[in-house]
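Written below as structure tokens is the structure these notes are about.
The values are calculated or read from the model by the stated rules, or taken from the named source; none is laboratory data. The shown structure was predicted, so the numbers you read here are calculated from the model rather than taken from an experiment. Positions of Cβ are backbone-derived with ideal geometry, glycine not excepted, and every protein chain shown enters the neighbour counts. Please note that ligands, DNA and RNA were not included when accessible areas were found on the heavy atoms of the full protein model with its side chains. Shrake-Rupley method; radii C 1.70, N 1.55, O 1.52, S 1.80 Å.
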Amino acid sequence: MHPFRKAVESGDMDAVAALLADDVVFTSPIAFTPYPGKAITAAILRGVSRVFEDFVYIREIANPDGRDHAFVFTATVAGKELQGCDFLHFDENGKIDDFTVMVRPLSAARALAEAMGAQFEQIAREAAEQ
């Protein structure tokens, strides 16, 4: 099992943050503008861990050199079931430097947007503290 998947599935958000490159760029399924930097990305991922219920990875896909991974997942947000995928690129040091998330269906994406909006102040505080 990939260390990222293991960290996420065990709820070890500190281990997840340790896998992020300082210059990571996070592209959200609900925000147009990507978020650059480790502090904000780690805070967003902590926020997601608070709003997702029944989260589980169901498939892991990797290219032969191990630098690109896709982790397909399912979860529930505010009673809406969603399916999504984390697309990760790893730099030459094995750190995540590009993190893109996509989710479906639209009703679940809307529920995720609302739930994450409610997390915004705490996410901003957590990012500022790092």
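Would you check if there is a residue in the stretch 63-73 being surrounded by 19 or more Cβ atoms within 10 Å (Cβ to Cβ), touching a Lys or Arg at 6+ places or on another chain (Cβ under 7 Å) and over 21 Å from R125 (Cα atoms)? Yes; the residues of the stretch 63-73 include at least one that is surrounded by 19 or more Cβ atoms within 10 Å (Cβ to Cβ), touching a Lys or Arg at 6+ places or on another chain (Cβ under 7 Å) and over 21 Å from R125 (Cα atoms).
Selection over the stretch 102-130 of residues that are basic (K, R) and at pLDDT below 95 gives a count of 1. Summed over the stretch 94-119, residues that are under 15 Å from the mean Cα position of the chain (by Cα) and either farther than 27 Å from V72 by Cβ or not hydroxyl-bearing (S, T, Y) (or both) total 15. Within the stretch 60-109, the set of residues being on the phi > 0 side of the Ramachandran plot and in contact with a Leu (Cβ under 9 Å, 6 or more places away or on another chain) comprises A78, G94.
Taken together, the residues in the stretch 26-43 that are among the polar types (S, T, N, Q), in contact (Cβ under 8 Å) with a residue 40 or more places away in the chain and more than 13 Å from K95 (Cβ to Cβ) amount to 2. Considering (1) polar (S, T, N, Q); (2) touching a strand residue (DSSP E or B) at 6+ places or on another chain (Cβ under 9 Å); (3) surrounded by fewer than 17 Cβ atoms within 10 Å (Cβ to Cβ), the lone condition that S28 does not fulfil carries the number (3). For the stretch 95-117, a residue qualifies if it is touching a Gly at 6+ places or on another chain (Cβ under 9 Å) and surrounded by fewer than 14 Cβ atoms within 10 Å (Cβ to Cβ), and exactly one does: R104.
Residues checked against (1) under 13 Å from the mean Cα position of the chain (by Cα); (2) touching a residue at least 60 places away in the same chain (Cβ under 8 Å):
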{"site": "G47", "(1), (2)": "yes, yes"}
{"site": "I61", "(1), (2)": "no, no"}
{"site": "D68", "(1), (2)": "no, no"}
{"site": "T74", "(1), (2)": "yes, no"}
{"site": "L82", "(1), (2)": "no, no"}
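Which residues, taken from the stretch 74-94, are open to solvent by 20 Å² or more (accessible area, probe 1.4 Å) and either more than 22 Å from L20 (Cβ to Cβ) or of a type in the set (S, T, Y) (or both)? Listed by number, the residues that qualify are T74, T76, A78, G79, K80, E81, Q83. Here D23 does not qualify as without any contact (Cβ under 8 Å) to a residue 24 or more places away in the chain, surrounded by fewer than 18 Cβ atoms within 10 Å (Cβ to Cβ) and over 16 Å from P3 (Cα atoms). Taken over the stretch 118-130, the criterion of being open to solvent by 40 Å² or more (accessible area, probe 1.4 Å) and of a type outside the set (D, E) is satisfied by A118, F120, Q122, A124, R125, A128, Q130.
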